[in-house]
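Structure, as structure tokens:
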Amino acid sequence: MDSLENFSLAGVVAHRGLNIVPGPPRPGRHRNSYGDGPFARLVMPRLPVEPGVYIWRVNGNIVYVGQTRTTLAKRLGSLGYSTISDYNTYAREPGKRNGGQETNCRINALANVVLNQGAEIEIWCRVTNSDESGRAESEWMDLHGVPPWNRRDERT
């Protein structure tokens, strides 16, 4: 089975800036493991407003597979990978449910590196219902392997 079977090309990722470094953390706050950046200000192609599975390809090679129970547009857009706010860079405080998005920081920083090298990033997606997205991602990895930007402990 082709690794992009049942996926549609959403388009190429552009950017509005590279090598963006977050401001200093607020007093008493610490950065998550990937919160130092530097980051890119990504511009995603038009994405569905439905849940699903998404693939990042760099120069034709699949580097990351993810899933969302919210909309693909939200997960990959300005509230997700596209823009890393200072809050996204913070680690969770002990005993609290706060903290930023470590995965968003990590993937955005990796995108920053390859865009700096002149690479092209494509986003491919497959719409699912919210209950199927996690299973669909896991099945894809079972068939095709874990891409280099994924971490095994992200699979649930």
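Each residue of the stretch 92-100 was assigned a 3J(HN,Hα) from its phi angle through the Karplus expression (A = 6.51, B = -1.76, C = 1.60, θ = phi - 60°), giving 5, 7, x, x, 10, 9, 8, x, x Hz with x at Gly and Pro. Binning the C-alpha pair distances of the stretch 97-156 at 5 Å intervals from 0 yields a P(r) profile of 4, 13, 18, 22, 23, 14, 6, 1 %, listed from the shortest bin outward.
Centre-to-centre separation between the Cα atoms of the stretch 23-46 and those of the stretch 98-124: 11 Å.
In summary, the convex hull built on the alpha carbon positions of the stretch 28-78 has an orientation-averaged projected area of 5.1 nm².
Rounded to a whole number, what is D in µm²/s for the stretch 31-111 from Stokes-Einstein with the Kirkwood radius over alpha-carbon pairs (37 °C, 0.692 mPa s)?
248
Where does the Debye-calculated log10 I(q)/I(0) of the chain sit at q = 0.08, 0.12, 0.21 Å⁻¹, using only Cα point scatterers of equal weight, no solvent? The Cα Debye sum returns log10 ratios of -0.22, -0.50, -1.41. Under 5 Å from the amide H of residue 31 lie the amide H atoms of 91, each residue being 5 or more positions distant or on a separate chain, with H modelled from the backbone and absent for Pro and chain starts. Shown here for the stretch 17-54: trypsin sites (Lys or Arg not before Pro) in loop regions (DSSP other than H, G, I, E, B) with at most 13 other Cβ atoms within 10 Å, namely 46.
Nearest 500 deg cm²/dmol is fine: what mean residue ellipticity at 222 nm does the chain get from its DSSP H runs of n ≥ 4 alone, each adding -39,500 (n - 2.57), divided by its residue count?
It comes out at -6000 deg cm²/dmol, rounded to the nearest 500.
Every number in this text was worked out from the coordinates using simple rules, so none of it is lab data. In this text, all values refer to a predicted model and were calculated from it rather than measured experimentally. Methodologically, a virtual Cβ is constructed for each residue, glycine included, from the backbone with ideal geometry; neighbour enumeration extends over all protein chains shown.
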